[in-house]
Amino acid sequence: MRKFLDNSLFRNLIFVILVLGTAIGLGYLATRYHLQEDLTQNANNSLGPESVEVLGQLSGPVNITVYATEHDARLGDIRKIIRDFLLLYQRYKSDINLVFIDPEKEAEKARAAGIQLNGEMVVEFAGRSEHLTQINEQIVTSTLLRLAHTRDQILMYMDGHGERKLDGVANHDLGSIFGTKLKQNGFRLNSLNLAIAQDVPANVSVLVITQPRLDLMPGEAGKLLRFVDRGGNLLWLLDTGSLHGLEPLAEKLDIQLPPGIVIDPAAAGMNAPSTWSLGATYPPHAITRNFNLITAFPFARPLVWDENPDWKHNALVEVATRGWLSRNLTLDKPTSPLPAFNEQQDTPGPFVIAMALQRHINDRDQRIVVVGNAAFLSNSYAGNGGNVDLGMSMVNWLTGDEHLITLQPRAAKDNSLVLSRTELNVISIGFLIILPLLLIATGLYVWRKRRRS
């Protein structure tokens, strides 16, 4: 009997030593290596891949100063809310430094920083700073994205001939969604009337051209050509119809523009008009890297180019694999019945409706993007699919910030759970009555078995 007890004691001692050793080892590994998995449906406790990518491009510390009291009468513990949220960012970037200052106890510091609200934050990176009064992933990531721009980026859009405006709110303008995104990402938007301006300013990062409604004067077209010859970056958004004086620019870039509108039968399968071209095929390029969203281009026109050794051409969007180019349908009659494919007049697809050009000139890389559609970024259609995301990627590439090419945070899935009264009763009885009784019965069974032995 004594020998049995000694063996049992020895086994228990070994078991305790193994448990303690395992616990100590796991504790040590936990301090050295961090491993976690977010199992929530909407990944509420993790950052999106776009935010993680932005953090990976920030070389250097990010300092965040939060001016918040220890308790707010309406929101409660603001500091805990902010700390818990920013912890998601600190998991991916350890040099995000978080400092809290009580604006009531240190009023002088709050006044010097221009603080207006309790909970206001000052985000600093690379010598630049911004104030935040709201906190969510899209706002914080967009702020970091703006601060990541190492220089002021000025986008100018051609004006004075009825073009779409980057800051306009009319349906055909580009300001409400696309223009707002550009501002959120640190771009400054200005208009440019070449009839008044002596030339395109040299500090313009990108010049945006949309379809004019009135003819340009030869002198204005000449200023555009000089801008291209100097190596200026250009985003040209074309529509169907006359170029109204931009023909020399198309010749300069060796681009041919067949007349007509692309008909895409695949759009009808998505309950969209067949005059919409659905973009789902994106040839490899920095702009389309990891881009897999559907885009929609109403009344698009195809782009054809002549190979020129001076330029490197890349297709960006291909559409209408089973479609064709209709020459019988015009924007003047958008509601007219769609014509059937005419072998004598129409051209079968697929078509390239967006392309990128690049060359090295004047000791710099010149970049140009041409899209056979401007409506996809207009206030009426920009909200469709990944239209704005593609537009932002184009601009980031044109400004040389392809490392900032990223998708905007997507909408979260609906995670609501609706249960009937019966289902609620079953769950309540199961957890409150049946499960405890099973545990009690199991305990009694084990106790009686041990007592008999």
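The values are calculated or read from the model by the stated rules, or taken from the named source; none is laboratory data. Computed from a prediction, not measured in an experiment: that's the story for all the values here. Reconstructed Cβ throughout: ideal geometry from the backbone, glycine too, with neighbour counts over all protein chains shown.
Summary of values
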quantity: Index of the failed condition, G349 passing every other in (1) small (G, A, S); (2) modelled with pLDDT under 90; (3) under 19 Å from L155 (Cα atoms); calculated: (3)
quantity: Residue selected from segment 119-157 under the condition part of a loop (DSSP other than H, G, I, E, B) and in contact with a helix residue (DSSP H, G or I) (Cβ under 7 Å, 6 or more places away or on another chain), by the criterion nearest to G400 (Cα to Cα); calculated: A126
quantity: Every pair of residues 6+ apart whose Cβ atoms lie under 9 Å, when the first sits in segment 407-435 and is at pLDDT 75 or above while the second is surrounded by 10 or more Cβ atoms within 10 Å (Cβ to Cβ); calculated: I427/L419
quantity: So D389, is it in the same structural domain as T288 (by TED's automatic domain parsing), free of Cβ contacts under 8 Å to residues at least 12 places away in the same chain and of a type in the set (D, E, K, R); calculated: no
quantity: Filter pass, N203 being surrounded by 21 or more Cβ atoms within 10 Å (Cβ to Cβ) and of a type in the set (S, T, N, Q); calculated: no
quantity: Residue match in segment 280-300 (condition: in contact (Cβ under 8 Å) with a residue 40 or more places away in the chain, closer than 25 Å to R327 by Cα and surrounded by fewer than 21 Cβ atoms within 10 Å (Cβ to Cβ)); calculated: yes
quantity: Hey, A268 in a helix (DSSP H, G or I) and either hydrophobic (A, V, I, L, M, F, W, C) or in the same structural domain as N396 (by TED's automatic domain parsing) (or both) or not; calculated: yes
quantity: Any hit, segment 73-81, residues being touching a strand residue (DSSP E or B) at 6+ places or on another chain (Cβ under 7 Å), over 17 Å from H131 (Cβ atoms) and surrounded by 11 or more Cβ atoms within 10 Å (Cβ to Cβ); calculated: yes
quantity: Scope segment 84-109; condition outside any helix (DSSP H, G or I) and either basic (K, R) or more than 16 Å from P61 (Cβ to Cβ) (or both); matching residues; calculated: R91, K93, F100, I101, D102, P103, E104, K105, E106
quantity: Unmet criterion (only one of (1) farther than 17 Å from L55 by Cα; (2) in contact with a Phe, Trp or Tyr (Cβ under 9 Å, 6 or more places away or on another chain)) for E108; calculated: (2)
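Residues are listed down the side, and each one gets a yes or a no for (1) more than 30 Å from L87 (Cβ to Cβ); (2) surrounded by fewer than 16 Cβ atoms within 10 Å (Cβ to Cβ); (3) over 16 Å from the mean Cα position of the chain (by Cα); (4) at pLDDT below 85:
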site: E137; (1), (2), (3), (4): no, no, no, no
site: L144; (1), (2), (3), (4): no, no, no, no
site: D152; (1), (2), (3), (4): yes, yes, yes, yes
site: R164; (1), (2), (3), (4): yes, no, yes, no
site: V169; (1), (2), (3), (4): yes, yes, yes, no
site: K181; (1), (2), (3), (4): no, no, no, no
